[in-house]
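Below is one structure, written out as structure tokens; comments come after it.
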Amino acid sequence: MKYIIFLFVFIFVGCTQKTNTTIPNASYNSTVNIQKSTTSESTILPVQLFDDKTIENNTIAIIYPSVNIGKYALEATNSINTYLLYKEKYFSIETYDMFLQNKKNIIKTFEQISAKNITKVIAMITKEQLEHLNSVPNIDKINIYLPLINKSEVNNNDKLNNLHLTFGGISYEEQFKRLFEYSNQHKLVELYDNTQIGSFLHSFLKSQKVVYTKVIDDNNGRYKYFLKNNKHINNSSIVLNTPIVKSSILLSSITAEELTPAMILSTQLNYTPLIFSLTQKIDRRKLVVANSIGKIPIELIEYNDILGNSISYNWVNYSAIIGAELLTSSNIDFFDDLKIVDKQVVYPVKLYEVNDHSFNLVK
């Protein structure tokens, strides 16, 4: 029956108006009802899967600010739909676009959700907006999953004690710990860019003894010039806190300048198959990347891949489906390598060498 699920998902992705479709060959008669309604306040995309059973309290609301994370929200929503259909759960999904994340829009969106008596929410907001949840009326009646935020990154957690929150963000801090342990006390050299994620990752190295740090910005794109004759590079562990395109250029520049670092380290940021098309084998021979995406059934991976959705390499999509499982099952036992400790999903951290065509587990 699993192949039937693809029809449901393609309908969800492709339609812009109300569509009713019945799949008569399923083991139970089911109808997918999809409609899109737009107001000045939000965009709502309900997806409902019906049969002769009654859906009770099984609606999930997904809220996101499209101006800030539109692309990630669309992919995460598609991943959630595919996951719930894969699990053959009876569910309804409503997505709310608050456009910009700020106190006013967060309160207004949650008021809309409360008016529909929805008690399960996946909130794709950042840690800077978290404090605004305390201002939402009746927020204590809503279970909220936060796929983008790791609890360790939030200050003043005691102010959130009255909220029913579960944090689903991966821990870059734990990834750095594992990488530094693996580097065997080599001196550290850091290359990072001035994007939001680059600066965020750079903040984790402020407590480390880094012998050389260089910011990669739009004005020094000819990387080989600041790598040339750099005495700090050789026999060091280079930490790449740069996105995949800049990382690929840096890797090729290191090769071109015949520099000899002991190893090159990177977090989840560069755990992507793009590394194989953007670099040569010789460029990545000393590259070790961390990954916190755990075990996923192969069928679920294939369903998402057909839609151009990655859950094997996109941790936001992976975190989002964990939230869907938690809100519909009240646990995450389906993911046997994960657990929740003190309201935070705890992910494994594994290290991989980047070889010819694959990531090979080293630790």
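The values are calculated or read from the model by the stated rules, or taken from the named source; none is laboratory data. None of these values were measured; they are calculated from a predicted model. Here the Cβ is made from the backbone with ideal geometry for all residues, glycine too, and neighbour counts use every protein chain on show.
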The correct count of residues that are assigned to a strand (DSSP E or B) and of a type in the set (Ser, Thr, Tyr) in segment 206-219 is 2
For residues that are assigned to a helix (DSSP H, G or I) and of a type in the set (S, T, N, Q), scanning just segment 270-294, find the one that is surrounded by the fewest Cβ atoms within 10 Å (Cβ to Cβ).
SER277
Out of curiosity, is LYS89 in contact with a Phe, Trp or Tyr (Cβ under 7 Å, 6 or more places away or on another chain), of a type in the set (Lys, Arg) and in contact (Cβ under 8 Å) with a residue 60 or more places away in the chain?
no
If only one of LEU250, LEU300 is over 17 Å from VAL354 (Cα atoms) and either surrounded by 15 or more Cβ atoms within 10 Å (Cβ to Cβ) or out of contact with any strand residue (DSSP E or B) (no Cβ under 8 Å at 6 or more places or on another chain) (or both), which one is it?
LEU300
Can you find even one residue in segment 195-203 that is modelled with pLDDT under 90 and among the hydroxyl-bearing types (Ser, Thr, Tyr)?
yes
Within segment 146-163, is there a residue that is more than 25 Å from GLU325 (Cα to Cα), modelled with pLDDT of 95 or more and not acidic (Asp, Glu)?
no
So LEU259 fits all but one of (1) assigned to a loop (DSSP other than H, G, I, E, B); (2) within 22 Å of the chain's Cα centre (by Cα); what number is the exception?
(2)
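Given the residues ILE113, ILE106, ILE23, ILE62, which is the only one that is more than 22 Å from THR328 (Cα to Cα), modelled with pLDDT of 95 or more and in the same structural domain as SER330 (by TED's automatic domain parsing)?
Just a single option satisfies the conditions, and that option is ILE106.
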Which count do you get for residues in segment 315-346 that are more than 21 Å from LYS151 (Cβ to Cβ) and either aromatic (Phe, Trp, Tyr) or under 16 Å from the mean Cα position of the chain (by Cα) (or both)?
1
Considering only residues that are outside any helix (DSSP H, G or I) and free of Cβ contacts under 8 Å to residues at least 40 places away in the same chain, look in segment 185-205 and name the one that is nearest to the chain's Cα centre (by Cα).
PHE204
